[in-house]
Amino acid sequence: MIDSLCDQVAGKDIAVVGLYCDFLAQQEQSTANMLGAILKQLVSRGEIPEHIREAFRKSRKEFGSRRLRPPDMVDILKTITSLERVFVCIDALDELAPKHRRELLKSLQEIVRVSPNMRTLLTGRPYIDDEIAEFFSGAIRLPVAPTRNDIRSYLKMRLDGDTTPKAMDDKLRADIMRVIPEKISEM
Amino acid sequence: MSQERSQILQAHDPRLSHKKEEFRKLTLAEMLSGRQHVIGNVNSFNALNYNNIVNINAGPDAERQQIIQWLSPLEPQQRHKGVQTGRLDGVGNWVLETNEFRKWCDTEDSCVEPVLFCYGNPGVGKTYLR
């Protein structure tokens, strides 16, 4: 998705940023780190804005190099997204810890209020639908499931990569290519 | 070529006119190395050149790396590389043709709902949509 967006916006003044959520990294995927990851992708394209440099220098003088707080990050993101078009893609939102997920959605909601032209793509399991609707009542919903052609392409790739191809005759191969896509489509 | 580019640049962005001299000094190699600072996204010609100028004026900017790390320790670009490698061409491309996606992506209108939620059970390929 990110690569398609990058292709489509090539040559235009549009930024695309991506985030991935992971069950195994819930601890480090805090709201501050997630917003920070959006911010760092945006500011690392060019010169780091002076106010961010100043905030960084100031923080170094404090004990433990205090990081920006989420509200500060939201404010900076509001400014950036009001000046240029930004696409934010967040994968597997359901894998974020519930507390962080709500905070992140709330932050995005605040940013979108100021910059209605910012576009956000979220992916996740169906059960977080209600939560997304809570923050974005009109969110466009798109069910994703592999088509038969998708499954055939995938099977072909796996069969072509078989390390013991002689163990399978043509009939078995044909059966696999026929039966599995049918069965999955029925699921 | 350098001069021609700086003229284009000036025409695009008068703020940069005073950078003209520095810009002339750019070599192709420097321009290419500057590109590496554009992470994971696309800029206009203008912005890309602007990056180059900044990088050259600032020299090796250690603070820059520290700030980027300070903003967030997460490295979504690393994961993205893994996804790119594991993706099978063509699979899931139908999503890009749906009305839902096209409307969300193409319309520059604040009336369009800004959030698109692609949902599905584990393993259906949400992450690997191109």
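The values are calculated or read from the model by the stated rules, or taken from the named source; none is laboratory data. Just so it is clear, the model here is predicted, and its values are computed rather than measured. Cβ: placed from backbone, ideal geometry, glycine included. Neighbour counts: every protein chain shown.
When the test is whether a residue is under 17 Å from A:Leu121 (Cα atoms), without any contact (Cβ under 8 Å) to a residue 24 or more places away in the chain and not polar (S, T, N, Q), A:Asp22 does not pass it.
The helices (runs of 4 or more DSSP H) found entirely in region A:1-71 that carry 3 or more residues being assigned by TED's automatic domain parsing to the domain that holds A:Leu122 and at pLDDT 90 or above are A:31-43, A:50-61. Among the residues examined, A:Gly18 qualifies as at the interface with chain B (Cβ under 8 Å from one of its Cβ atoms), crowded, with 16+ Cβ neighbours inside 10 Å and in contact with a Cys (Cβ under 6 Å, 6 or more places away or on another chain). Annotation for region A:67-88: no member residue is among the hydroxyl-bearing types (Ser, Thr, Tyr) and within 7 Å of chain B (Cβ to nearest Cβ). Under the condition of being assigned to a helix (DSSP H, G or I), more than 7 Å from chain B (Cβ to nearest Cβ), modelled with pLDDT under 90 and surrounded by fewer than 16 Cβ atoms within 10 Å (Cβ to Cβ), the residues counted in region A:122-169 number 9.
Within region A:125-140, residues that are more than 12 Å from A:Arg101 (Cα to Cα) reach partners that are assigned to a helix (DSSP H, G or I) and modelled with pLDDT under 90 with beta carbons closer than 8 Å, at six or more positions or on different chains, in the pairs A:Ile140/B:Glu100; A:Ile140/B:Lys103; A:Ile140/B:Trp104. Is it the case that some residue within region B:74-83 is surrounded by 14 or more Cβ atoms within 10 Å (Cβ to Cβ), under 20 Å from the mean Cα position of the chain (by Cα) and part of a loop (DSSP other than H, G, I, E, B)? Looking for residues that are surrounded by 14 or more Cβ atoms within 10 Å (Cβ to Cβ), under 20 Å from the mean Cα position of the chain (by Cα) and part of a loop (DSSP other than H, G, I, E, B), one finds at least one in region B:74-83, hence yes. Just for region A:25-36: of the residues that are touching a helix residue (DSSP H, G or I) at 6+ places or on another chain (Cβ under 8 Å) and either more than 19 Å from A:Gly124 (Cα to Cα) or polar (S, T, N, Q) (or both), which one is nearest to the other protein chains (Cβ to nearest Cβ)? Restricting to residues being touching a helix residue (DSSP H, G or I) at 6+ places or on another chain (Cβ under 8 Å) and either more than 19 Å from A:Gly124 (Cα to Cα) or polar (S, T, N, Q) (or both), the top hit is A:Gly36.
Of all residues in region A:1-25, those satisfying the criterion of being within 15 Å of the chain's Cα centre (by Cα) and farther than 15 Å from A:Val86 by Cα are A:Tyr20, A:Cys21, A:Asp22, A:Phe23, A:Ala25.
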